[in-house]
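Worksheet: one structure, shown below.
The values are calculated or read from the model by the stated rules, or taken from the named source; none is laboratory data. Because the structure is predicted, anything quoted here is derived from the model rather than measured. All Cβ positions, even for glycine, are placed from backbone atoms using ideal geometry, and neighbour counts span all protein chains on display. We work out accessible area using only protein heavy atoms, side chains counted, and drop any ligands, DNA or RNA first. Shrake-Rupley method; radii C 1.70, N 1.55, O 1.52, S 1.80 Å.
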Amino acid sequence: MVWTLLGIMIILLLMGFPMMIPLIAGPLVMLFFFMDMDPTIMVQQMVEGISSYVLIAVPLFIFAADIMTSGRTSRKLLDFVGSFVGHLRGGYAITTAAACTLFGSISGSTQATVVAIGKPMRERLLKVGYKDSSAIALIINSSDVALLIPPSIGMIIYALVSNASVGDLFIAGIGPGVLIFLFFATYAYIHAKIHNIPLAPKMSWKERKDVTIKALLPLGFPFIIIGGIYTGQFTPTEAAGVSVLYALILEVFIFRSLKLSQIPGIALSSGIVTSAVFVLVAGGQAFSWVISFARIPRMLTDAVMGTDPTALYVLFIVAVFFFVGCMFVDPIVVILILTPIFAPVAETAGIDPVHLGVVIVFQAALGSATPPFGVDIFTASAVFNKSYLDVIRGTPPYIVMLLIVSVLVIVFEDISLFLLKLF
């Protein structure tokens, strides 16, 4: 039964169907021919999958990110970061990594970060002597921090499947996200020194003051989202609504980078992306129900995990499965399919569900920029109009760094949970 299900999905993927088709067709065939059950159960499960209140946050964060990507928020963040570190050795690369981290804490979307930060920073990196492959690799890997830094759509999807706290997951993602930035910044300094990348002009303190003032309002996003959640002013879903309102006020009324007449077009674009996400979520719920009913998770975990696995062993197995899965399939799909399989085993092994969520989403971020089919590779290829090979040529050093950080996060739980323990 397992091989039949996988075979159907692989064949459909090889035939060129989008992921949502195999995700729904595979379980439907199982219900018809192997489980002798009413296929309307599929519809019920799909509807149930997108009925959660938590999911309301997804289109709102997507909409807020689209508004900011179309406006001036990303440019102001770039100017702010660049004014303080741009003159250092490797300053432009450090600026890129820091700006991606900051924009990720606003948008929650890797693709939005590639577009908003990648386009202007690629030009700057090329002007000071970086190879195009190195610049693009830095951009797509730095953008993946958006999956960890709140608000993270990946965290929201994991919370939906596992019933973990969205607010706790948001906080727990900050430590690993900052650690990735520190690794990338250190590498940027060493790379620039080895290749003798020229330094940018140092800005005066007056100039820094001016760009800081201009960036204060965009920098308010993460404080509003995290501060609002943890002071009890609003839930994560309400925080998503506030982020949309804040983005509209900034871009339309304060920065005046957008007109009200442009907002419906941006909303339509956000709606198209949201519909694709929701179809995947609905299909993932139906898929999870079918494989659970067929006891496939139990068979798989017994075969891979054994009878009494340690917490560390479980986490490393989880990391391998999610990393490899996200190298081939959209992270949302992988989180939806694999989380119900491994979460019960992790709970039995005594693993904190929030820490498990960080490990899972970290692997989703890592796999998203890893060949052969990481989704951010194709996003960058489209955005920068570069070939697949050009995009992946500079990625190995970043993959190695992310793997190192991944091991640290798995072994040292406090990297994820120390902020939660402080509160």
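With ASP168, ASP144 as the choices, which residue is open to solvent by 40 Å² or more (accessible area, probe 1.4 Å), among the acidic types (Asp, Glu) and either in a helix (DSSP H, G or I) or at pLDDT below 90 (or both)?
Criteria check complete, one pass: ASP168.
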Note to self: Within segment 227-261, take every residue that is touching a Leu at 6+ places or on another chain (Cβ under 6 Å), of a type outside the set (Val, Ile, Thr) and farther than 29 Å from TYR92 by Cβ and give me the one that is surrounded by the fewest Cβ atoms within 10 Å (Cβ to Cβ).
What the structure shows: GLY241
Note to self: Taking the conditions exactly as written (in contact (Cβ under 8 Å) with a residue 24 or more places away in the chain and open to solvent by less than 30 Å² (accessible area, probe 1.4 Å)), does VAL383 satisfy them or not?
What the structure shows: no
Next item on the list: Would you point out which residue out of LEU31, LEU88, LEU77 is within 20 Å of the chain's Cα centre (by Cα) and of a type outside the set (D, E, K, R)?
Entry: LEU77
Check: For segment 19-49, which residues satisfy the criterion of being within 23 Å of ALA164 (Cβ to Cβ) and surrounded by fewer than 17 Cβ atoms within 10 Å (Cβ to Cβ)?
Finding: VAL47, GLU48
Check: How do the helices (runs of 4 or more DSSP H) wholly within segment 71-140 filter down when requiring 2 or more residues that are without any contact (Cβ under 8 Å) to a residue 12 or more places away in the chain and over 19 Å from LEU182 (Cα atoms): which remain?
Finding: 119-127
Next item on the list: For segment 184-226, name all the residues that are farther than 30 Å from PRO151 by Cα, open to solvent by 80 Å² or more (accessible area, probe 1.4 Å), assigned to a helix (DSSP H, G or I) and in contact with a helix residue (DSSP H, G or I) (Cβ under 8 Å, 6 or more places away or on another chain).
Entry: GLU207
Check: Any residue at all in segment 157-164 that is crowded, with 24+ Cβ neighbours inside 10 Å, modelled with pLDDT of 90 or more and closer than 22 Å to LEU338 by Cα?
Finding: yes
Notebook entry, point to check: When you go through (1) more than 24 Å from the chain's Cα centre (by Cα); (2) buried (at least 24 other Cβ atoms within 10 Å of the Cβ); (3) within 21 Å of MET203 (Cα to Cα); (4) not small (Gly, Ala, Ser) one by one for TYR130, which number turns out not to apply?
Noted result: (3)
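How about segment 14-40: which of its residues are farther than 18 Å from LEU336 by Cα and in a helix (DSSP H, G or I)?
Within segment 14-40, LEU14, VAL29, MET30, LEU31, PHE32, PHE33, THR40 qualify.
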Margin query: Take residues that are touching a Gly at 6+ places or on another chain (Cβ under 9 Å) and tell me which of the helices (runs of 4 or more DSSP H) falling wholly in segment 317-401 contain 2 or more.
Written below: 331-348, 353-368, 375-384
Note to self: Let me spell it out: the conditions are (1) open to solvent by 10 Å² or more (accessible area, probe 1.4 Å); (2) over 16 Å from the mean Cα position of the chain (by Cα), and MET68 meets all of them except one. Which number is the exception?
What the structure shows: (1)
Next item on the list: Scan segment 386-410 for residues that are buried (at least 16 other Cβ atoms within 10 Å of the Cβ), closer than 27 Å to GLY357 by Cα and of a type in the set (A, V, I, L, M, F, W, C) and report the count.
Entry: 6
Notebook entry, point to check: Residues in segment 284-306 that are modelled with pLDDT of 70 or more, open to solvent by less than 20 Å² (accessible area, probe 1.4 Å) and farther than 17 Å from ASP38 by Cα: how many?
Noted result: 1
